[in-house]
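Only the coordinates and a few stated rules stand behind these numbers; no lab work does. This is a predicted model, so every value here is computed, not measured. Backbone-built Cβ (ideal geometry, glycine too); neighbour counts: all protein chains shown.
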Ligand code: RIB
């Protein structure tokens, strides 16, 4: 089986559940407040660890209490943390998250902190430690130039690179070409292409436009609708699963982890997308990015017992 590594961000998430999203100038009493381990990179690594053994993380934490706790926690979760640095006199990345209590939707403000120190030097020092891995997951919460250079090295070395373009910014043709798969959600796809992505037809058109801009294969994450796949030879949809979402934070991260895991087992793309949809759906069933991320057994039992709700 192929081994998976994650190169990316680690944040501490400060999460308030709210009766509705704040309006300008408003002060609102939250319904609950929790602190969770998060960050798109950390979420993807922990989500993979729940599904398959042998995942490694390359990232950067601060030397504050949160950073030290997160470093230890990664190991406890089954993530190899040898390539996760602890930067002196730095604070760890932090995200302030509002979750709408009735829909589970979220809004996130992100402060990168030590994630900004995941630079060329740190990568050069530690990349060799994870070069025996086969599939590499990236996001854009760490310095973008370094993400591009690292993806280039790995792609040219024949590795599979999966880019979650979040937070979304427009990317050059070269950058796009270093991703074996790019996995935007609808909003990110719209930012990457400048096109509307409000319905299936628009999603496919925007996906085609991203192919024209240099992307090789695009997996569009469309939440409960599921996912859409587009490359130069084929396009298809993988229907999503209906669940009662409590918190959608990191559903996209869980999707990428699910896809990478199924792909690492050699599953065909439609099956890998179905598996990823299931992992994402299950990850929304509790508050916080990581608490509901499912194990392999939970995904298998969900997939075998799921019945369409009309
Ligand atoms: O994708 C969800 C993540 O985005 C949160 O855990 C938060 O840390 C932000 O990075």
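Determine, at each q value in 0.26 (inverse angstroms), the log₁₀ of I(q)/I(0) that the Debye formula gives when each Cα of the range 22-95 is one equal point scatterer.
Each listed q maps to, in turn, -1.18.
Quick check of the Kirkwood formula: for the range 1-139, what is the inverse mean of 1/r over all pairs of different Cα atoms, in Å? Could the numbers behind the result be given before it?
Values: mean 1/r = 0.0633 Å⁻¹.
With all distinct Cα pairs of the range 1-139 included, I get 15.8 Å.
What are the semi-axes of the equivalent ellipsoid of the range 193-310, taken as the square roots of 5 times the eigenvalues of the Cα gyration tensor, listed largest first and rounded to whole Å?
Numbers: eigenvalues 124, 50, 35 Å².
Listed largest to smallest, the semi-axes of the range 193-310 are 25, 16, 13 Å.
When the C-alpha atoms of the range 220-278 are aligned to their principal axes, what extent does each axis show, in angstrom, from largest down?
36, 21, 15
For residue 231 and residue 125, compute 0.36 nm times the residue count separating them, minus their Cα-Cα distance, and round to one decimal in nm. List each step's numbers first, then the result.
Details: separation 106, 0.36 × 106 = 38.16 nm, distance 3.45 nm.
Between residue 231 and residue 125, full extension yields an extra 34.7 nm.
Within a 10 angstrom radius of the beta carbon, how do 265, 216 rank from fewest other beta carbons to most? Working shown, then result.
Working: 265 14, 216 17.
Fewest-to-most ranking of 265, 216: 265, 216.
Using 1/(1 + (r/R0)^6) with R0 = 30 angstrom and r between the beta carbons of residue 111 and residue 267, what's the FRET efficiency to the nearest 0.05?
On the way: r = 37 Å, r/R0 = 1.24.
For R0 = 30 Å, the calculated efficiency reads 0.20.
Among 85, 30, 226, whose mean-square fluctuation peaks in a Gaussian network model of the chain (Cα, cutoff 10 Å)?
30
Volume per residue, Å³, of the convex hull around the alpha-carbon atoms of the range 172-225? Display every interim value, and only then the final one.
Values: hull volume 3.4 nm³, N = 54.
Normalising the Cα hull of the range 172-225 by residue number yields 63 Å³.
Tell me the label-point distance for the pair residue 305, residue 244, using the 7 Å Cα-to-Cβ offset, in nm and rounded to one decimal.
The answer from the label model is 1.5 nm.
Within the range 59-101, find all residues whose amide N lies under 18 Å from a label point positioned 7 Å from the Cα of residue 22 along Cα-to-beta-carbon.
Once the point is set 7 Å along Cα→Cβ of residue 22, 94-101 turn out to lie under 18 Å by backbone N, inside the range 59-101.
Using just the C-alpha positions of the range 84-209 as equal point scatterers, what log10 of I(q)/I(0) does the Debye formula give at each q in 0.15 1/Å?
Here log10 of I(q) over I(0) equals -0.84.
Give, in nm to one decimal, the length gained when the segment between residue 209 and residue 33 is fully stretched (0.36 nm per residue of separation minus the Cα-Cα distance).
On the way: separation 176, 0.36 × 176 = 63.36 nm, distance 4.12 nm.
Result: 59.2 nm gained on full extension.
At 0.36 nm per residue, and after removing the present C-alpha to C-alpha distance, how many nm does the segment from residue 177 to residue 224 gain when stretched out fully?
On the way: separation 47, 0.36 × 47 = 16.92 nm, distance 2.83 nm.
The span from residue 177 to residue 224 would gain 14.1 nm if fully extended.
Under the √(5λ) rule applied to the eigenvalues of the Cα gyration tensor, what semi-axes describe the equivalent ellipsoid of the chain? Give them in Å, descending. Let's see the in-between values first.
Working: eigenvalues 130, 124, 78 Å².
Its equivalent ellipsoid spans semi-axes of 25, 25, 20 Å.
Which of 240, 214, 59 moves the most in a Gaussian network model of the chain with Cα springs under 10 Å?
Of the options given, 214 has the highest mean-square fluctuation.
For the range 24-63, what mean projected area does the convex hull of the alpha carbons give, in nm²?
On the way: hull surface 21.9 nm².
Answer in nm², one decimal: 5.5.
Counting alpha carbon pairs within less than 8 Å and at least 6 residues apart, what relative contact order, in whole percent, applies to the range 83-126?
Working: 40 pairs, mean separation 17.4, N = 44.
Dividing the mean separation by the residue count of the range 83-126 yields 39 percent.
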